[in-house]
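The values are calculated or read from the model by the stated rules, or taken from the named source; none is laboratory data. Just so we're clear, the structure is a prediction, and the values are computed from it rather than from any experiment. FYI the Cβ positions are ideal-geometry reconstructions off the backbone, even for glycines, and counts take in every protein chain you see.
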Ligand code: IVH
């Protein structure tokens, strides 16, 4: 039955409202109430209807989040009022000076708000009648770049406010979460692309893309912290402004704190510098201290560059000095040669560091790192140690320059550097044992086929014994094959064979990721699995069909086509198929999952799962994930550096789970 334009219009409005509501619950409140599948279903219906009635597509439609057409350059936007930057304070003394100046100027006591200083890039967002219309980078403060299309792809950004304010302008910070940053750089390293130095550069590089699809493929977050202009009555204090923004549907950082005087501010600063900072899933480089009263902010005014009512307290960088003992080279899954510095072990930001990635030869040249050098290291994005700089004054003349080898250290094939790539790559392909090995390790890894007990050491053993030559061979191993090998006894051999057999049913999404198709990460694998639902259909897809999908650009599409043209890959796929490895997506089940009716709260960093992955698993199993702990919470999942949710859970006596415990529940083992 054909649907009329009026009916379509009505349903589209409803779908947009529903999708944005669920999007808000997921990305802003961190508390989804429907599964990914249900969400995808709504989205699919919306896209189909909009395809039938293209004239009904609106700028606030969630379909616009996948990224529109690329553009030749950015338009510029003049900000209504200059976007100022902040003066810095580097010590408690400098904070006291700031407070003293403020109190002198206003002639009395002042209360403050302390907020985390998000290390991202500043954006100004304009809403007209409640609809997001323009977003710009800060630029030089007066004029920025129009990145509206890219900002629409940031899922936490509301495309429509909860109320239609006639005109509203706000300021906030776009950032890249630490986990997304680590994943992105790893993928770029493998792809021979230059890595980003820190999450801030990665966020800026992702937002300032002429092709919004590239932005859409990156994980970006947003916090909004300032009302630049509103046609509604203005909030009287910064605390109220933050509540006002949250009430309109903006993501507002939960760690805002009201301090009655400078003494309290200093206590908060101390707490953050020592503990809280490392626990956040995103990078902060300090705290921002703001005079709470907007009336007093007006009295204090601004200098040409920065307001007198606010200051940025910068954390001391966590750095250490050590020596480069050697530089070694690792050959990765796609043949990329990654140089790694072996360091004299040193304590840094809560752990002992003994190696640092040097990423590629350009970076070694740029930083001029030599074997034997004394260097300053720090953790980029608080996780991956990196060499900041060499201390040349400590050189003795004994230091040795380093060059990547011309031949692969593993197979001896020629090392090549393709035009436009930063990576050096072994040209041996599947003839290179290192690449074969890394591929199989990747295939078996936790986020791929998750074959328990099949780590790097065992993979090496199986390859050396000639028992396997590719991932397909794993499924033909027998207990008797393993028994003669060192480290294997009857039980362990049986366990491994059982784990391999169990992996046959992991589903299409994991299989696609496990195959190690260049540029196909977990996110692209998920998109492909959901769209094509079978390996055969994916194999038949045209380049054009592939590129219509969100997250799939021409580079990924070309790589997928190339993968299916390579006879060796087809051989492996055939082995997998004959062994009974499932190559279809699971049918959407109607039966309630093992976690049906249970509410979970997540806190801290889990060893192997991002927050989003954990949430996905729980919701897919029928559970709910809430943003805060209450008596109605059934379980709290606790990772490293948990926050106050952990204390609250203990106080209320709510059962605690670690990642392993969560997996047990998911698998119905408990
Ligand atoms: S307030 C006029 N609050 O830090 C006041 N800024 O070094 C404007 N930033 O350019 C800034 N988190 O990009 C403010 N909670 C926060 C912030 C924040 C990060 C950035 C912002 C600004 C820079 C100043």
Helices (runs of 4 or more DSSP H) lying entirely in the range 535-641 (those with 1 or more residues that are under 24 Å from the mean Cα position of the chain (by Cα) and surrounded by 14 or more Cβ atoms within 10 Å (Cβ to Cβ)): 543-547, 554-565, 611-620
Selection count where residues are farther than 19 Å from residue 182 by Cβ, modelled with pLDDT of 90 or more and assigned to a helix (DSSP H, G or I), scope the range 512-528: 3
Identity of the residue in the range 446-481, over 12 Å from residue 500 (Cα atoms) and touching a residue at least 60 places away in the same chain (Cβ under 8 Å), that ends up surrounded by the fewest Cβ atoms within 10 Å (Cβ to Cβ): 446
Qualifying position, being more than 13 Å from the ligand (Cβ to nearest atom), touching a residue at least 60 places away in the same chain (Cβ under 8 Å) and in contact with a strand residue (DSSP E or B) (Cβ under 7 Å, 6 or more places away or on another chain), among 327, 284, 289: 327
Please work out which one of (1) out of contact with any helix residue (DSSP H, G or I) (no Cβ under 6 Å at 6 or more places or on another chain); (2) within 12 Å of the ligand (Cβ to nearest atom) is the condition residue 265 fails and give its number. (2)
Among residues of the range 110-135 being without any contact (Cβ under 8 Å) to a residue 60 or more places away in the chain and within 16 Å of the ligand (Cβ to nearest atom), the residue nearest to residue 295 (Cα to Cα) is 122
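For residue 353, indicate whether it is away from the ligand (no atom under 16 Å from the Cβ), part of a loop (DSSP other than H, G, I, E, B) and either without any contact (Cβ under 8 Å) to a residue 12 or more places away in the chain or surrounded by 16 or more Cβ atoms within 10 Å (Cβ to Cβ) (or both). Explain how you work it out, then say what you get.
On the way: away from the ligand (no atom under 16 Å from the Cβ): yes; part of a loop (DSSP other than H, G, I, E, B): no; either without any contact (Cβ under 8 Å) to a residue 12 or more places away in the chain or surrounded by 16 or more Cβ atoms within 10 Å (Cβ to Cβ) (or both): yes.
So residue 353 does not fit the description; no.
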Residues that are free of Cβ contacts under 8 Å to residues at least 60 places away in the same chain and either farther than 30 Å from residue 304 by Cβ or buried (at least 16 other Cβ atoms within 10 Å of the Cβ) (or both), drawn from the range 137-150: 138, 148
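To keep it simple, each residue is scored yes or no on (1) more than 16 Å from the ligand (Cβ to nearest atom); (2) in a loop (DSSP other than H, G, I, E, B).
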position	(1), (2)
17	yes, no
34	yes, yes
42	yes, no
60	yes, yes
93	yes, no
98	no, no
101	yes, no
108	yes, yes
Enumerated helices (runs of 4 or more DSSP H) restricted to the range 218-310, each holding at least 2 residues that are more than 14 Å from residue 102 (Cβ to Cβ) and under 32 Å from the mean Cα position of the chain (by Cα): 238-247, 262-271
I'm checking my understanding of the structure. Among residues of the range 62-80 that are farther than 30 Å from residue 15 by Cβ and surrounded by fewer than 15 Cβ atoms within 10 Å (Cβ to Cβ), which one is farthest from the ligand (Cβ to nearest atom)? 72
I'd like the full set of residues that are crowded, with 19+ Cβ neighbours inside 10 Å and farther than 18 Å from residue 293 by Cβ, limited to the range 215-240. 215, 216, 217, 218, 219, 220, 221, 222, 223, 224
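Report whether or not residue 242 is out of contact with any strand residue (DSSP E or B) (no Cβ under 6 Å at 6 or more places or on another chain), more than 14 Å from the ligand (Cβ to nearest atom), at pLDDT 95 or above and closer than 26 Å to residue 177 by Cβ. Lay out the reasoning, then the answer.
Details: out of contact with any strand residue (DSSP E or B) (no Cβ under 6 Å at 6 or more places or on another chain): yes; more than 14 Å from the ligand (Cβ to nearest atom): no; at pLDDT 95 or above: yes; closer than 26 Å to residue 177 by Cβ: yes.
So residue 242 does not fit the description; no.
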Could you tell me which numbered condition residue 347 fails, if it satisfies all but one of (1) more than 26 Å from residue 281 (Cα to Cα); (2) more than 16 Å from the ligand (Cβ to nearest atom)? (1)
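Would you be able to tell me the number of residues in the range 151-198 that are assigned to a helix (DSSP H, G or I) and in contact (Cβ under 8 Å) with a residue 12 or more places away in the chain? Full working, then the answer.
Start the filter on the range 151-198 by keeping residues that are assigned to a helix (DSSP H, G or I), which leaves 151-152, 178-191.
Restricting the remaining residues to those that are in contact (Cβ under 8 Å) with a residue 12 or more places away in the chain gives 151-152, 178-185, 187, 189-191.
Adding up the residues that qualify gives 14.
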Residue 83 fails exactly one of (1) within 15 Å of the ligand (Cβ to nearest atom); (2) surrounded by fewer than 20 Cβ atoms within 10 Å (Cβ to Cβ); (3) part of a loop (DSSP other than H, G, I, E, B), namely (2)
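Hey, could you check the range 405-438 for residues that are assigned to a helix (DSSP H, G or I) and under 30 Å from the mean Cα position of the chain (by Cα) and say which is surrounded by the fewest Cβ atoms within 10 Å (Cβ to Cβ)? Even if it seems obvious, please write down each step before you answer.
So in the range 405-438, the residues assigned to a helix (DSSP H, G or I) come out as 429-431, 433-438.
Then drop every residue that is not under 30 Å from the mean Cα position of the chain (by Cα), which leaves 429, 434-438.
Working: 429: 15, 434: 19, 435: 25, 436: 22, 437: 19, 438: 22.
For the range 405-438, the residue satisfying everything is 429.
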